[in-house]
Amino acid sequence: MADEAELDRALEAAHLPALIAAMVHMTGDAGWLRPEWTPVYSPFSPPGDIGLSQEVQADIRVHAKAAIEGYAASGSPKMPGPDTATLRRMMDFVGGAPIPETYADFLIDELAISGKSSKDPQFEQPQLKEAARRLKVLVIGAGMSGLLAGIRLTDAGVPFEIVESNPDVGGTWLVNTYPGCRVDNSNHMYSYSFEPNHAWPQHFSPQPELLKYFRGVADKYHLKDHIRFETKVESLVWDEINSVWRVELRNKDGRVETVEANAVITAVGQLNKPRIPQIEGVGTFEGPAFHSAEWRHDVELAGKRVAVIGTGASAYQFVPEIAPQVASLKVFQRTPPWGLPAPNYHDDVPEGMKWLLEHIAYYDKWYRFWLFWRTTEGFLPMVKADEGWNGPSTAVGAANLMLREMAAEALAAQVADRPDLLANVVPTYPLGGKRAVLDNGVWLAALKRPNVELIAQSITKITPKGVLTADGVEHEVDVIIYGTGFTASKFLSGLKVTGREGRDLHQSWAGDARAYLGMTTPGFPNFFMIYGPNTNIVVNGSIIFFSECSVRYIVGAVRLLAETGAKAIEVKRKVHDDFNVGVDEANKGWAWGSEGVSSWYKNEFGRVSQNWPFELIDYWRATLAPNPEDFVLIKQPEPVA
């Protein structure tokens with residue numbers, strides 16, 4: 001138990017609604033859910049702003065302190081858990097408003113108060129366990145999703161192997177090492193639901209901490225015993241006679257080996273192939289030029305003239321880091337990003353908060369619940385297009401316009417002393433049309449530095465000496481850094497996949513990747529994708545949530561194989577096509593699907609190939625378990641020699 005001073009510091013750092021919910025568990029008393037203590041949130045409010053007076057907050061802390069000390073003095077007895085009705089009241093309380101009944105089972109499952117959730121594989125029956133042991137699954141990629149797949153396959157007792165082209169685990173958080181690289185989703189939600197980290201140093205921790213977390217998870221679950229590092233998957237070919245995938249691997253020494261697997265899971269992500277823009281002269285620059293995802297740490301930037309091309313999420317993070325070091329910095333911008341206020345973006349997690357997360361039972365679950373619910377429903381309705389909207393083209397609906405005005409006002413306030421910047425830092429497209437970034441003021445502060453120039457002229461050519469813009473000016477620089485994103489819509493590029501009847505996956509897609517629930521496509525049995533087409537999220541939640549749902553579903557498909565004795569499971573063409581028709585239609589109803597807005601969410605055909613156009617609860621429900629009616633289950637004779 002903490003001493004009194006330590007407890008006081010912890011209570012000062014507490015998110016009080018989550019603390020109150022934890023007190024219900026600790027005391028067994030639902031009377032903590034006082035109406036006068038109900039939080040009132042507003043958009044963009046920092047975590048500590050719960051809409052209650054300082055006097056009321058002080059009163060809550062006094063009561064909580066007494067309860068915690070009394071609980072410790074009584075020997076910390078185990079209290080009966082709240083019943084379902086009380087849990088519903090607690091959810092409404094922490095959320096700050098009544099949560100629709102349709103979300104109840106979803107959110108109770110996400111809370112996992114009992115320590116279990118629907119995402120835990122259910123392979124208890126001896127017959128099922130025995131059948132599972134006879135399968136083998138190959139996972140491609142040892143990043144966040146690949147490690148997750150390995151953990152869940154271990155839980156299910158299904159043999160597996162992970163193939164990773166890099167020398168270590170971590171995926172994105174291994175290869176992206178540019179200055180300022182960090183997560184843009186609160187760390188207490190950007191972590192596996194079953195593997196919380198109470199020691200995150202910051203609310204949005206930097207890349208080394210994220211890599212440390214995933215390395216720790218890999219070690220805890222002994223996943224490295226299952227991983228082939230520095231090995232590339234050259235091709236996948238479906239053997240129809242034996243109903244297995246034949247996978248050609250090439251290791252770092254160039255040795256080629258073919259292995260077999262009953263099922264294959266790709267976990268390579270959407271944002272893993274850097275995009276260099278198609279600008280005349282790329283490659284002719286005489287100095288160092290590199291993409292932010294392939295940062296050249298051997299290139300000294302101090303005292304150099306540097307050009308940054310692009311102002312997306314990565315540039316938003318690294319420009320403020322390098323601006324104080326360089327002699328001059330020219331930032332070339334095609335369109336400005338929307339920066340959403342996040343005052344705690346670079347803030348440390350107070351030690352008192354870490355203490356609460358670690359020592360007060362259920363506080364961590366309710367704090368994560370608050371983060372989850374705020375981003376589940378908080379912004380999503382505000383990027384929805386109003387049918388028949390005839391307002392300004394800078395918004396897609398009344399709520400979107402209100403959100404836009406709030407965000408624009410916050411940006412304008414930061415450049416009140418630099419009116420010349422205003423027109424080039426407030427976007428003219430609807431908020432939600434492109435990826436928004438989190439803003440705590442460092443971006444615009446960097447652009448206001450005397451050695452930094454924001455250039456909104458389009459680029460016509462890269463020259464041996466620098467960058468030529470449409471106004472005829474050649475900007476001579478020493479280093480060029482491309483912050484131009486990734487080839488997101490080129491799903492599984494570089495991976496040759498040959499399915500049933502010799503069908504080539506990329507030829508089938510013809511540049512327009514589609515999949516049922518983002519995971520599986522006709523003609524490719526026992527082949528599953530995590531973070532596949534239309535499983536990206538824009539403003540609602542953490543991608544880890546999507547990966548956990550996907551892995552639950554995929555492990556469920558493996559279970560179907562084991563239960564039925566089928567050799568192959570393949571989604572029906574009509575199921576796949578009907579699903580994608582619905583996805584395309586729904587995507588038109590959001591800011592990111594609106595006409596006239598281009599972004600990496602859309603592919604070369606103008607179709608939104610990235611984003612999930614429904615609510616999180618819809619993906620959760622759709623992925624609870626695969627419906628056998630959606631698939632053809634193919635039973636085959638025993639494999640031939």
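The values are calculated or read from the model by the stated rules, or taken from the named source; none is laboratory data. Every value quoted in this text rests on a predicted model; they were computed, and no experiment measured them. Cβ placement follows ideal geometry from the backbone for every residue including glycine, while neighbour counts extend to all protein chains displayed. For accessibility, only protein heavy atoms count, side chains too; no ligands or nucleic acids. Shrake-Rupley method; radii C 1.70, N 1.55, O 1.52, S 1.80 Å.
Structural remarks
- For the stretch 131-286: rounded, prolate or oblate by the Cα gyration tensor [a/c cutoff 1.5]: oblate
- In nm, spacing of pseudo-spin labels at V237 and D29 (7 Å Cα→C-beta vector): 7.2 nm
- Sequence of F229, F527 when ordered by accessible area, the most exposed leading, probe 1.4 angstrom: F229, F527
- Accessible area (Å², 1.4 Å probe, nearest 10) - T258: 80 Å²
- Taking a straight Cα-Cα cut-off under 14 Å and skipping sequence neighbours fewer than 8 places away in the same chain, the aspartates and glutamates within cross-link reach of K232 are E161, E164, D168, E248, D253, E257.
- Gyration tensor analysis over the Cα atoms of the stretch 515-641 returns equivalent ellipsoid semi-axes of 30, 15, 12 Å (largest first, whole Å).
- The share of Cα pairs per 10 Å bin across the stretch 263-392, counted from zero up to the longest distance, runs 8, 23, 25, 25, 16, 3 percent.
- Judged by the ratio a/c of the largest to the smallest principal axis of the C-alpha gyration tensor, the stretch 420-467 counts as oblate, that ratio being 1.5 or greater while a/b is no larger than b/c.
- Accessible area per residue (1.4 Å probe, heavy atoms of protein chains only) ranks E36, E501, E248 as E501, E36, E248, with the largest value leading.
- Of the solvent-accessible surface of the stretch 474-602, computed with a 1.4 Å probe over protein heavy atoms with every protein chain present, carbon and sulfur atoms account for 51 percent.
- All-pairs Cα distance distribution in the stretch 150-221, expressed in whole percent, bin size 5 Å: 3, 15, 24, 24, 17, 11, 5, 1, 0
- For the chain, the antiparallel share of DSSP beta bridges with both residues in that region comes to about 45%.
- Put simply, the amide H of R228, placed in the peptide plane, has neighbours under 5 Å in I162, V163, E164, leaving out anything fewer than 5 places away on its chain.
- Considering only the Cα atoms of the stretch 12-61, their convex hull presents on average a projected area of 3.5 nm².
- At full extension, Q457 and S42 could sit 145.7 nm farther apart than now, given 0.36 nm per residue minus the alpha carbon distance.
- Extension gain for S76-K588 works out to 178.9 nm (0.36 nm per residue, less the C-alpha to C-alpha distance).
- Rounded to whole Å, sorted largest first: equivalent-ellipsoid semi-axes of the stretch 89-210, Cα gyration tensor: 29, 27, 10
- Label zone at K65 (point 7 Å along Cα-to-Cβ), backbone N below 20 Å, the stretch 361-376: 361
- Rounded to 0.05, the FRET efficiency of the R250 and K212 pair, given R0 = 35 Å and the Cβ-Cβ distance, is 0.75.
- Semi-axes of the equivalent ellipsoid for the stretch 285-352, Cα gyration tensor, largest first, Å: 26, 16, 11
- Along each principal axis, Cα extent of the stretch 263-323, largest first, Å: 52, 28, 23
- P(r) tail for the stretch 346-464: Cα pairs beyond 20 Å make up 62% of the total.
- Lysine pairs with alpha-carbon atoms under 27 Å apart, the stretch 284-436, spacing 8 or more or separate chains: 4
- Backbone N atoms of the stretch 98-129 closer than 11 Å to the 7 Å Cα→Cβ label point of A625 belong to residues 122-123.
- Dividing the Cα radius of gyration of the stretch 576-634 by its Kirkwood radius returns 1.06 for Rg/Rh.
- Note on the stretch 109-175: percent of Cα-Cα distances in each 10 Å bin, starting at 0 and stopping at the bin with the largest distance, equals 20, 39, 31, 11, 0.
- Counting every alpha-carbon pair across the stretch 41-145, the share separated by more than 18 Å comes to 74%.
- Computed log₁₀ I(q)/I(0) - Debye formula, equal Cα scatterers, no solvent, the stretch 428-517, q 0.21 Å⁻¹: -1.15
- Length, then width, then depth: along the principal axes, the Cα atoms of the stretch 215-287 run 51, 38, 27 Å.
- Placing a label point 7 Å from the Cα of S393 along the Cα-to-Cβ direction, the residues of the stretch 590-621 with a backbone N closer than 11 Å are 595-597.
- Probe 1.4 Å - accessible area at K116, Å² to nearest ten: 150 Å²
- Couplings for the stretch 106-111, taken from phi via the Karplus curve 6.51 cos²θ - 1.76 cosθ + 1.60 with θ = phi - 60°, read 4, 6, 5, 5, 5, 5 Hz in order; Gly and Pro are left as x.
- Of the residues L371, L401, the one with the largest accessible area comes first in the ranking L401, L371, computed with a 1.4 Å probe on protein heavy atoms.
- Convex hull of alpha carbon positions in the stretch 524-599: directionally averaged projected area 6.2 nm².
- Within the same chain, aspartates and glutamates fewer than 8 places from K490 are excluded, and of the rest, those with a Cα less than 16 Å from its Cα are D504, D512, E604.
- Hull-based mean projected area of the chain, where the convex hull spans the alpha carbons, in square nanometres: 31.4 nm²
- Taking 0.36 nm per residue of separation and subtracting the Cα-Cα distance, full extension of the segment from M406 to N424 would add 4.8 nm.
- Inter-label distance for D8 and R334, nm, one decimal - labels placed 7 Å from Cα along Cα-to-Cβ: 5.6 nm
- Surface per residue (accessible, 1.4 Å probe) for the stretch 1-40, Å²: 41 Å²
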